[in-house]
Amino acid sequence: MPLRPALENDLDTIIELIHALAEYEREPDAVLLDREELRRHLFGARPYAEVVLAETAEGTSAGFALFFHNFSTWLGKPGL
């Protein structure tokens, strides 16, 4: 299954996948995100997180990973 970095025009798909994950986890009411705020945090001038999309051979979205990096001042290096 091919993976690719998400683009800003994938935002609606990302939100759908977040809602699907919440349904799977039996927490549908826990999703309180604001579309514009999520867009800014993922694709704005200073992104705080990244998304990778998994797609079927037909090009439909099959899954996602949303992740963010951190940095240890004590170790002087980045982590995940």
**Message:** 7 Å from Cα along Cα→Cβ at both F67 and R39: what's the point-to-point distance in nm?
**Reply:** 2.7 nm
**Message:** If I fit a long axis through the Cα atoms of helix 11-24 and take the longest principal axis of the Cα atoms of the chain, what angle between them do I get, 0 to 90°, rounded to 10?
**Reply:** 80 degrees
**Prompt:** Counting only residues 5 or more places away or on other chains, whose amide H sits under 5 Å from the amide H of A6 once H atoms are built in the peptide plane?
**Reply:** V51, V52, L53
**Prompt:** If you take the alpha carbon radius of gyration of the chain and divide it by 2.2 N^0.38 Å, what ratio comes out, to two decimals?
**Reply:** 1.23
**Asked** Between E25 and N9, 0.36 nm times their residue separation minus their Cα-Cα distance comes to what?
**Response** 3.2 nm
**Asked** Share of the chain's accessible area from carbon and sulfur, percent, 1.4 Å?
**Response** 56 percent
**For the chain, accessible area per residue (1.4 Å probe, heavy atoms of protein chains only), Å²** = 77 Å²
**Request:** Before anything else, pin down the relative contact order of the chain: Cα pairs under 8 Å, at least 6 apart, normalised by residue count, whole percent.
**Result:** 30 percent
**Asked** Rounded to the nearest 10 Å², what accessible area does F43 show when all protein chains are kept and the probe is 1.4 Å?
**Response** 50 Å²
**Request:** List the trypsin sites (Lys or Arg not before Pro) within the stretch 26-73 that fall in a DSSP loop (any state other than H, G, I, E or B) and whose Cβ has at most 13 other Cβ atoms within 10 Å.
**Result:** R26
**Asked** So which residue, out of E36, E58, E16, gets the largest mean-square fluctuation from a GNM of the chain using Cα contacts under 10 Å as springs?
**Response** E58
**Item:** Charge tally in the Cβ shell below 15 Å around L38, where Lys, Arg are +1 and Asp, Glu are -1, L38 excluded
**Value:** -4
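The values are calculated or read from the model by the stated rules, or taken from the named source; none is laboratory data. As the structure is a computational prediction, the values presented were derived from the model and not from experiment. Methodologically, a virtual Cβ is constructed for each residue, glycine included, from the backbone with ideal geometry; neighbour enumeration extends over all protein chains shown. Just so you know, the surface numbers come from the protein's heavy atoms only, side chains and all, with ligands and any DNA or RNA stripped out. Shrake-Rupley method; radii C 1.70, N 1.55, O 1.52, S 1.80 Å.
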